[in-house]
Amino acid sequence: MASQVMRITLKAYDHQLVDASAKKIIETVKKNGAKVSTSQPSPLEVMKFWDEALTEFEQIIYIPISSGLSGSCSTASMLASDEKYENKVFVVDNGRVSAPLRRSVLDALELIEKGYVAPWIKKMLESSRSDMVIYVGVETLENLKRGGRISAASAALGTVLNIKPVLKFDVSTLDVYQKCRGFNKARKVMIEAMKNDLNTKFEKWYKAGKVNLLAASSASPEVTKEWEAQIREEFPGMDVRCDDLSMGVACHIGYGGLGIGCSCCPDAALD
């Protein structure tokens, strides 16, 4: 089961890209200007996935994209209410997407190793839904314009003025945190915002060593490596894992995006 993948649909000009890597999709969009969006997994695919998993496991912890950003969570909750999945499938809605969502999966695995059962893991993950944040710097305004988040006039003016917005992903929300002149400034703003959060909102977790530092990128491998090194330098002693920005985010951010964030350990949320 560990190697199984559930397909989602990427609506683009070239359907052959559906099974390609995120990097390849982003590069292709950059070259031909295709407009890419996502849709939730097919309910039939979800149930097939669950049915196959239940032949091997007694219970499933299913963690979809936040209900505030996608309909996939409410669909999964509806499917899980069917009698055949009662006390077998536990759908978690903890407000996560991209790197924090991946961290939630790792948290769930660690909680299983500690002996927690599925209903309690669901409760712990959901009770820690507000204990995360991620900031993403946007290199190009084109995708925000195509997605309707900014007007064509604002995108054109922003390009001329070299405006690079920093977006903030909080619980089920995506907002503009700050507009910066140049991407180097955006990188500094994200790092300072993260430092401020660690010393204020997440202080008790930070002091207890219960914070996972996250990084994400839709940029080139060279820029990604440089960004990861910058984060390690600014946060000495903290482990950081850099992931590709998920396609659910990258199709809105576009090529060249960089992110930093954190997620607090859920086993401390109920202490």
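Key figures for this structure:
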quantity	calculated
Residues (touching a residue at least 12 places away in the same chain (Cβ under 8 Å) and part of a helix (DSSP H, G or I)) located in the stretch 46-74	VAL46, MET47, PHE49, TRP50, GLU52, ALA53, LEU54, SER72, CYS73
Any hit, the stretch 241-251, residues being modelled with pLDDT under 90, assigned to a strand (DSSP E or B) and surrounded by fewer than 17 Cβ atoms within 10 Å (Cβ to Cβ)	yes
Filter result (touching a strand residue (DSSP E or B) at 6+ places or on another chain (Cβ under 6 Å) and not charged (D, E, K, R)) within the stretch 99-111	ALA99, PRO100, ALA108
Residues satisfying the stated conditions in the stretch 193-227, i.e. free of Cβ contacts under 8 Å to residues at least 60 places away in the same chain and touching a Ser or Thr at 6+ places or on another chain (Cβ under 8 Å)	VAL211, SER217, VAL223, THR224, TRP227
Every residue from the stretch 216-235 that is at pLDDT below 95 and either within 15 Å of ARG103 (Cβ to Cβ) or part of a loop (DSSP other than H, G, I, E, B) (or both)	ALA216, SER218, ALA219, SER220
Cβ pairs under 6 Å, 6+ apart, first in the stretch 75-92 and farther than 17 Å from GLU52 by Cα, second of a type outside the set (S, T, N, Q) and assigned to a strand (DSSP E or B)	SER77/VAL91
Scope the stretch 206-227; condition over 13 Å from SER263 (Cβ atoms) and surrounded by 18 or more Cβ atoms within 10 Å (Cβ to Cβ); matching residues	SER217, SER218, ALA219, THR224, TRP227
Residue count, the stretch 67-92 (criterion: surrounded by fewer than 18 Cβ atoms within 10 Å (Cβ to Cβ) and aromatic (Phe, Trp, Tyr))	0
Wholly within the stretch 92-206, strands (runs of 3 or more DSSP E) carrying at least 1 residues that are modelled with pLDDT under 90, among the hydrophobic types (A, V, I, L, M, F, W, C) and over 25 Å from PRO64 (Cα atoms)	163-170
Filtered residue count, the stretch 34-45, keeping only those that are among the charged types (D, E, K, R) and without any contact (Cβ under 8 Å) to a residue 40 or more places away in the chain	1
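Listed here are the residues, each with its yes/no results for (1) under 12 Å from GLY137 (Cα atoms); (2) charged (D, E, K, R).
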site	(1), (2)
ASN212	no, no
SER220	no, no
LYS225	no, yes
ILE231	no, no
GLU234	no, yes
VAL240	no, no
ASP244	no, yes
GLY256	yes, no
CYS264	no, no
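The values are calculated or read from the model by the stated rules, or taken from the named source; none is laboratory data. Source: prediction; values computed, not measured. Note that we place each Cβ from the backbone using ideal geometry, even for glycine, and neighbour counts take in every protein chain shown.
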